[in-house]
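Each reported figure results from applying straightforward, stated rules to the coordinates on display, with no laboratory input. Just so it is clear, the model here is predicted, and its values are computed rather than measured. Every residue, glycine as well, gets a Cβ built from its backbone with ideal geometry; the counts of neighbours run over all protein chains shown.
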There are 2 protein chains.
Amino acid sequence: MTETTRKRSDKKREAIIQAATQAFQEFGVNGTSMDKLAELAQVSKRTVYNHFSKKEELVMHLIKEQWKSALVNIGVEYQHDLPLNAQLEELVFQEVTFMCSEGHLELARVAIGHFFYEPEKLKDEVAQLKAQESSLHRWLKAGKADGRLVFDDPEQVVNEIDSLIKGQCFWPQLFKIEDTISEDDKRRITQNIVALVLCRYAS
Amino acid sequence: MTETTRKRSDKKREAIIQAATQAFQEFGVNGTSMDKLAELAQVSKRTVYNHFSKKEELVMHLIKEQWKSALVNIGVEYQHDLPLNAQLEELVFQEVTFMCSEGHLELARVAIGHFFYEPEKLKDEVAQLKAQESSLHRWLKAGKADGRLVFDDPEQVVNEIDSLIKGQCFWPQLFKIEDTISEDDKRRITQNIVALVLCRYAS
DNA sequence: CTCATTTTACACTGAACAGTTTACTTTTCA
DNA sequence: TGAAAAGTAAACTGTTCAGTGTAAAATGAG
């Protein structure tokens, strides 16, 4: 009995999550009432509350879910025998692709909409995001150790690269000031960033 | 009669604007009820409504007010006989200082809080902000015409510089992830940006 | 068919809040 | 002093919304 009943329950749950994801993106968390949400999910309001006892719980579930799934590791290990150019380009391109993906943008919109007036909580969550950025960090330090890159503070270089990526592939899209980026644009932006960085820091 | 009466009225109005500015920053527009606002301004709710017939009107007034006052022109004209380094540093430093000033951050917080779920309207307003960035644009084109800078698209270079500035002096502060930047940091960041850019684009 | 679980419909509570109305007070200045 | 202008306090309307309670209906397993 519990077997297929579970399945029905799970389907409803899935519908709720699905509708919430869409609605929160479109109208914002505060702009989406639980009644509206239930209607969009084709589910009774009471069922929503049976699955998530508070709105807050639903929001947090969504954010962490997406956060987790977004943590597909960006990984390029430093190679002594390959040109810096190609390696860094691959790494930056991965980051660019991730940053401007609709999935990540949607997550970010929900997160920002939710945390905008709760900076302390945001701070905590952002700390986890930082871990994901350390692949670039590792690569830079390896290049420095190998004598092919010259800089004082790797943190600063990461910041610069990160700023260049987000400034062109994340913030404008987040606020829908710019449209989605084409593959060609991604490539072009990546190449410019790599050229800029290596021109300065390659020995 | 109308002379001093105006003064009293203006004082109340000022108190409302003052309280609204603070409250909107701290709790957000939606997080600030008109009752709360009236209390904070030490003014009756009715007085608020005598000055601003709708909440929306108050919000728009605030944003445009601050927008206008923020439009202190950043201007450095290109000089043929001065080193690029010093000129660009001055220009970038001005932008950095503006970007991370509390005044600008507060404006941006209110604006983003208000426009986050109205991207179309945001787009319009942002267009006006772009005009202010053209001083850098002009400087770069002058440098190129003078043969001391080499690049294809000035727009792209502006984007890169802008990304570098905002990524380090605006976004982290906007979300209160990083504290206010010290004068030394501003100088250091400026110098790094200038070095990065000139290393690549100076002939 | 029957029993257990889950979903549904819907009415309800209680709070928050935008905006209004009214009756009253204070300030200013002529 | 007295009339005009501005402000105040507090109750009120109407709406939206989070969250609850409950009885009936749907679903599926044995």
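By its C-alpha gyration tensor, with a ≥ b ≥ c as the square roots of the eigenvalues, how is the protein assembly as shown shaped: rounded for a/c under 1.5, else prolate for a/b larger than b/c, else oblate?
Values: a/c = 2.41, a/b = 1.15, b/c = 2.10.
Judged from the Cα gyration tensor, the protein assembly as shown comes out oblate (a/c at least 1.5, b/c at or above a/b).
Please report A:Trp171, B:Trp67, B:Trp139 as a ranked list, fewest other C-beta atoms within 10 angstrom at the top and most at the bottom.
Values: A:Trp171 19, B:Trp67 15, B:Trp139 23.
Result, fewest neighbours first: B:Trp67, A:Trp171, B:Trp139.
Residues in segment A:188-202 carry Karplus couplings, in order, of 4, 4, 4, 4, 5, 4, 4, 4, 4, 5, 5, 4, 8, 10, 7 Hz; the curve used is 6.51 cos²θ - 1.76 cosθ + 1.60 with θ = phi - 60°, and Gly or Pro positions show x.
Taking the Cα centre of the protein assembly as shown as origin, sum charge times position over the Cβ atoms of Lys and Arg (+1) and Asp and Glu (-1), and report the length of that vector in debye to the nearest 20.
Working: 54 positive and 64 negative charges, 339 e Å.
Dipole magnitude for the protein assembly as shown comes out near 1620 debye.
Taking the fewest neighbouring Cβ atoms within 10 Å as the starting point, the ordered list for A:His80, B:His104, B:His61 is A:His80, B:His61, B:His104.
In nanometers and ordered shortest first, the copy-to-copy spacing of the A:Asp124 label point, defined 7 Å from Cα toward Cβ, is 4.0.
Amide H contacts of B:Leu149: B:Lys144, B:Ser203, each under 5 Å away and 5 or more positions distant or on a separate chain (H built 1.01 Å from N in the peptide plane; Pro and chain starts excluded).
Once C-alpha pairs closer than 8 Å and six or more residues apart are averaged by separation and normalised to the residue number of chain B, the relative contact order reads 22 percent.
Please give the length that would be gained between B:Asp124 and B:Leu82 if that part of the chain were fully extended, namely 0.36 nm times their separation in residues minus their C-alpha to C-alpha distance (nm, one decimal). Can you show the working numbers first?
On the way: separation 42, 0.36 × 42 = 15.12 nm, distance 3.76 nm.
Residue separation times 0.36 nm, minus the Cα-Cα distance, leaves 11.4 nm.
Each other copy holds its own label point for B:Ile177; taking that point as 7 Å from Cα along Cα to Cβ, the gaps run 1.7 nm, nearest first. Can you classify segment B:114-188 as rounded, prolate or oblate using the Cα gyration tensor, where a ≥ b ≥ c are the square roots of its eigenvalues, rounded means a/c under 1.5, and otherwise it's prolate if a/b beats b/c and oblate if not? Oblate.
Take the Cβ-Cβ distance between A:Ser44 and B:Thr97 as r, set R0 to 60 Å, and report the resulting FRET efficiency rounded to the nearest 0.05. It comes to 0.60. Coupling constants for segment B:169-184 follow from the phi torsions by the Karplus curve (6.51 cos²θ - 1.76 cosθ + 1.60, θ = phi - 60°), and in residue order they are 10, 10, 4, x, 6, 4, 8, 6, 7, 10, 6, 4, 8, 7, 4, 4 Hz; glycine and proline get x.
Once the C-beta distance of A:Val150 and B:Arg188 is scaled by a Förster radius of 25 Å, the resulting FRET efficiency is 0.90 to the nearest 0.05.
Between 0 and 90 degrees, the angle of helix B:2-27 with respect to the longest Cα principal axis of chain B falls at about 60 degrees. For chain B, the longest principal axis of the C-alpha atoms and the axis of helix B:119-132 are separated by about 50°. Based on the Stokes-Einstein relation at 37 °C and a viscosity of 0.692 mPa s, and on the Kirkwood radius from alpha carbon pairs, segment A:71-201 is assigned a translational diffusion coefficient of 210 µm²/s.
Mind checking which of B:Lys176, B:Lys144, B:Lys166 has the largest fluctuation in a GNM of chain B, springs on alpha carbons under 10 Å? Residue with maximal mean-square fluctuation among B:Lys176, B:Lys144, B:Lys166: B:Lys176.
Note on chain B: with charges restricted to the Cβ of Lys and Arg (+1) and Asp and Glu (-1), its dipole about the Cα centre is near 900 debye.
Each other copy holds its own label point for B:Asn30; taking that point as 7 Å from Cα along Cα to Cβ, the gaps run 0.5 nm, nearest first.
What does the C-alpha gyration tensor say about the overall shape of segment A:2-59? Classify as rounded when a/c is under 1.5, otherwise prolate if a/b is larger than b/c, or oblate.
Details: a/c = 2.21, a/b = 1.93, b/c = 1.15.
Verdict is prolate for segment A:2-59.
Let me check I've understood the local charge: for A:Phe116, count other residues with C-beta under 11 angstrom from its C-beta, Lys and Arg +1, Asp and Glu -1. What total comes out? Working shown, then result.
Numbers: positive: A:Arg109, A:Lys121, B:Arg109, B:Lys176; negative: A:Glu118.
With Lys, Arg at +1 and Asp, Glu at -1, the neighbours total +3.
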